[in-house]
Each structure stands twice: as structure tokens, then as C-alpha cells.
1. Determine whether residue 127 is outside any loop (DSSP other than H, G, I, E, B), modelled with pLDDT of 90 or more and at negative phi.
2. With the checklist (1) out of contact with any helix residue (DSSP H, G or I) (no Cβ under 7 Å at 6 or more places or on another chain); (2) under 30 Å from residue 40 (Cβ atoms) in hand, flag the one item residue 261 doesn't pass.
3. I'd like to check something: does the stretch 397-404 contain any residue that is part of a loop (DSSP other than H, G, I, E, B) and either at pLDDT 90 or above or outside the structural domain of residue 172 (by TED's automatic domain parsing) (or both)?
4. Would you point out which residue out of 111, 33 is over 20 Å from residue 201 (Cα atoms), modelled with pLDDT under 95 and either assigned to a helix (DSSP H, G or I) or assigned by TED's automatic domain parsing to the domain that holds residue 248 (or both)?
5. Would you confirm whether any residue within the stretch 293-303 is modelled with pLDDT of 95 or more, in contact with a helix residue (DSSP H, G or I) (Cβ under 6 Å, 6 or more places away or on another chain) and within 18 Å of residue 131 (Cα to Cα)?
6. Specify which of the listed residues (314, 328) is in contact with a strand residue (DSSP E or B) (Cβ under 9 Å, 6 or more places away or on another chain), surrounded by fewer than 19 Cβ atoms within 10 Å (Cβ to Cβ), farther than 22 Å from residue 188 by Cβ and modelled with pLDDT under 95.
7. So which residues in the stretch 331-372 are more than 20 Å from the chain's Cα centre (by Cα) and within 23 Å of residue 293 (Cα to Cα), if there are any at all?
8. Confirm whether residue 160 is at pLDDT below 90 and either over 22 Å from the mean Cα position of the chain (by Cα) or buried (at least 18 other Cβ atoms within 10 Å of the Cβ) (or both).
């Protein structure tokens, strides 16, 4: 991440990032152990029962609901039966299952453990823990000192300012599954409706949420406040689901895993989001795909970043029904295209910088969808894709034309 941030002079004494509410068992960020972790689910018909949470092996539990006593016994029995270390568990309420993370001891084969555990009649699914990466790219532009709005080239090309005459995304709920968001940023302050922390938190939280803050800025930076930039859907309600964490202190690059993404998707569905923004990619994942499909079934529009190199994984953008977004030329006729090069956006501590990658094309498209949903809330993903495509490839996407399509 480039350190050439544009600092608003009157905001040099800003407070640090506001920490999201923590209500979930958070796994420690231990890369060396991650390749020995598995996720197991099983049906629990009392999944929504309200009970106090208890710490488990040093991992935190927050809130007033947790797995039932029955599912806790099952998860403990499974650990004892197969010689596994129980790390964390949480009810995936939208699927009606308990989700448990185990660690395989040294000397046991992942393949053999998956095969053995899957044969247990109580187990619904078992899989290896998978990891995902946010899709930012290195900054390739020089430092600019021009007025910020004029530096938002994608914003200008998509005619967002003109589109705001009729829609700003007012009342549309957008869940941002990413790193967290700096709620104290002057262009975002007061507009992040809810924050959930589902991921490991580094000791230095000040710069831990670079990527999510940048994505949120593209979506919802407030126009007309005399500072910074303007977001594509500044009237939308942003729900920050912190499922990813930085790869190193102060880095925009971040990663997530099957467990944190499952928790975040479950919360996004539970909160009745209208749109879920996932600026990340990785390998196919059965549990995460079930939750993505459940979101789609509930008419939630899922927008996901498509990697430039499909060898990076392509999931969840490749799930049928998900709107895949490329940050330049699309890989196929189904992908949507948004501005993904030199996108000026918000960063922690009242800062701004240029970011590149399909990570930042994705919230441009999600923001335009929010403008559509403000006046047409019952549109589904297929309807939106047809409108945004307009029968042909639009580059750049024209927000005014998109809004005019349904008049």
C-alpha cells in the first residue's frame, strides 16, 4: 500500500479507529496452523435458543446467544472421538446448523480425517479451512494535490453526480464483508450503521482496516460536506462485517477464511441486507457457497470481485446468481465492469489515497445497484444484471442511463 496519503489539514488530530462491536468467537490469526484446521457442521434444531456464551480455548465469545448445550456436547464428543482440538464454534442461524472449527494434531492426515469425520452420521458437512484475499493492486499513480472530486475519474465517467439528482441509495442496506471500517473518518462518520468484528484483531488496530475503509469510501463517502470525496451511494446504510485482517501491519492486502466469511454472511443475511459487497476471492468453499445461495434465495444481491488472474480462485464471483465485477476488461460476457484503476478513496485517520483492483470496482457497481433499489426495491440479481448490461457491454457504466432504464 502506498504511503502517500492526502491528509485533510484541519483533521490532523483525529481520534483512532472506532473498534467494532465484538460478539463472536474470534479465531487467532495463526498462519502456521491454518492448514490443519477443519470446519464441521451438524443440524441443531434449537439453534436460535438464547444462552450465555462461554470462552472456548482462549477465543472470545460475545453476545447473548451461542450454540445449544446439545450441540456443545456433540462438538466435544467429536473432538474426543477423532483426537481433534476444538478451537471455536458458533450457530449459523440462517442454515440451522452448528459450525465448529477443529485443529488436526500433528501426524494426522487432513485427507484421512476429512474422510473419517464425514462418515459420522451426526455430521452434516466437513471441509478444510480455506483462505481468501482481498483484490487490491499496487498504486501506480503519482501524488495529486488537485480538488478531490475532480480526481475521482471513475465517479465522473459514470456520471454519479448527475444520478444523485434522483437517487442516493437512501435506505438501502449494504453489508460490506471485508476488513473493518474506520468509523471516525470524517467522510464516513455517522454513516456506518453497524459494525461486527469476526476476525483476529492485531495489536495495532489503527491501520488494520485499510481495505474495508477504502471500499466503504467508494460506496458511502458523504458529498457536500466540504472535504474529501463523494461516494456512489451516500444515502445507503453500511453494515461493516469485519471478516478479514491485514497480512502485515499497515498493509492494504488482507485475508479471510471459511469460518470468518461464514459468520459474516450469516450476519448479513440476519440483518436483512439488500446488497452484500465481497471484494475478495479464493477457492470454492461448500459452507460459504451455501450461505451465498441462501442470501440469493432471500433476494439479497451479492456482488463479488473477479480476479484478473482466475488462478487466484474466482470464488464467490463464480457462484451462479452472484454479480461478478471486473476492474477493467471482463473475462466473459457475464461479468460487469467498474472503475478499478487509480480510485481515490478513504483510508484510516482521515486520509485518502489512490487504490487499484477489482476490489474497488465492486463497490462502484454495488453503489449503482443501491441507487436502483432505492426506487425499485424488489429487483433481483437477474433483473439488475440485465439493466446494468443494457443489452451490451457498458464501459464505463453510465449511472444516469441505468436509472433511466426503469422510468
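The values are calculated or read from the model by the stated rules, or taken from the named source; none is laboratory data. Since the structure is predicted, the reported quantities are computational estimates derived from the model, not experimental observations. Here the Cβ positions follow ideal geometry from the backbone for every residue, glycine too, while neighbour counts run over all protein chains shown.
1. yes
2. (1)
3. no
4. 111
5. no
6. Sole residue among the options that is in contact with a strand residue (DSSP E or B) (Cβ under 9 Å, 6 or more places away or on another chain), surrounded by fewer than 19 Cβ atoms within 10 Å (Cβ to Cβ), farther than 22 Å from residue 188 by Cβ and modelled with pLDDT under 95: 328.
7. 331, 332, 333, 334, 372
8. Yes, satisfied.
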